[in-house]
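One structure is given here, and the rest of the page talks about it.
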Amino acid sequence: MTQSVAMLAAETSRARAYLDVILESDIVLEDVIFLDGSVVKKSISNKPTPLFDNATLLENRLISEGISYKKMATNNMNAPEVVAALEKLESSFVITAGPPGALLRTVLFETGKKFLHVHPGKLPQFRGSTPMYYSVLTEKTLTATAMVLDLNLDAGEIITEKDFALPQDMLEMDHFYDPWIRSVVLKEALSLLATKGKVISYPQQSHDCETWYVIHPLLKHLAIMSEISDSE
């Protein structure tokens, strides 16, 4: 039996990168719940990159590929209409690619769905927001981790993880490299799902847990400039 997934997505580079690998996988994309709130629209950037199709807006790609989607006039992943749409899905698995920084609340987990997320950091050492820049500053490395979300911040069970070299151009981290490394790990997770027919995950270690908050612009600048200087 072919395994299916759904995606909860906004118009972001990450969602576009994810769509690339979903379409390349042996997984059927049942439906996309597409958040189309005004805040999300303001964050749209569709500058081309060789890493994935970032030039085509997500909604346009869904239309051209003939993929079913439900358009929601909200950018709130926990909105009642989003919950109702999730409850109608046949698939048990939902890939999350919503607005940056958005958190899933109890009401979404009550739908019984398993939410698959790719975190841009090694777990449990780098939980929280913008962990890739803290990882650059402290370890000079990048890791992306596929996980099954739960109510605790970045504490869900791990499916798979992968380490990456730093990008040649640190200025491309947010819109290009970060979405791409997440999509690479998502592809591995989907391959496991297609092969096994279920998500096999394992609990995080209880030691070395660290939660990192949204990085200060100055620290972010230092992380970028330190790597640019090292590469020159």
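The values are calculated or read from the model by the stated rules, or taken from the named source; none is laboratory data. Note that the structure is predicted; figures quoted are calculated from it, not measured. Please note: Cβ atoms are built from the backbone with ideal geometry, for glycine as well, and neighbour counts cover all protein chains shown. Keep in mind that these areas ignore ligands, DNA and RNA; they rest on the heavy atoms of the full protein, side chains included. Shrake-Rupley method; radii C 1.70, N 1.55, O 1.52, S 1.80 Å.
Would you confirm whether any residue within region 122-132 is in contact with an Asp or Glu (Cβ under 8 Å, 6 or more places away or on another chain) and at pLDDT 95 or above? Checked against the condition, which is being in contact with an Asp or Glu (Cβ under 8 Å, 6 or more places away or on another chain) and at pLDDT 95 or above, region 122-132 yields no hits at all.
Checked against the criterion of being open to solvent by 10 Å² or more (accessible area, probe 1.4 Å) and within 20 Å of Ser92 (Cα to Cα), region 127-142 contains not a single residue that satisfies it.
For region 39-65, taking the residues that are open to solvent by less than 80 Å² (accessible area, probe 1.4 Å) and of a type in the set (Gly, Ala, Ser), the one that is modelled with the lowest pLDDT is identified as Ser43. When region 66-85 is filtered for residues that are open to solvent by 50 Å² or more (accessible area, probe 1.4 Å), of a type in the set (A, V, I, L, M) and either modelled with pLDDT of 95 or more or touching a strand residue (DSSP E or B) at 6+ places or on another chain (Cβ under 6 Å) (or both), nothing remains. Out of all the residues in region 125-160, which are within 14 Å of the chain's Cα centre (by Cα), more than 20 Å from Lys198 (Cα to Cα) and in a loop (DSSP other than H, G, I, E, B)? Scanning region 125-160 gives Ser129, Thr130, Asp154. Each residue in region 61-84 was checked for being more than 23 Å from Leu23 (Cβ to Cβ) and acidic (Asp, Glu), and 1 of them qualify. Tell me yes or no: at least one residue of region 189-203 is touching a His at 6+ places or on another chain (Cβ under 8 Å) and modelled with pLDDT of 95 or more. No; the residues of region 189-203 include none that is touching a His at 6+ places or on another chain (Cβ under 8 Å) and modelled with pLDDT of 95 or more. Restricted to region 49-124, the set of helices (runs of 4 or more DSSP H) holding at least 2 residues that are among the small types (Gly, Ala, Ser) and in contact with a Ser or Thr (Cβ under 6 Å, 6 or more places away or on another chain) is empty.
Taking each residue of region 167-183 that is over 15 Å from His119 (Cα atoms) and open to solvent by less than 60 Å² (accessible area, probe 1.4 Å) and looking for partners that are modelled with pLDDT of 90 or more and part of a helix (DSSP H, G or I) with beta-carbon atoms closer than 6 Å, six or more apart or interchain, yields Pro167/Tyr177. Within region 204-232, restricting attention to residues that are under 28 Å from Met7 (Cα atoms) and not in a loop (DSSP other than H, G, I, E, B), the residue that is modelled with the highest pLDDT is Thr211.
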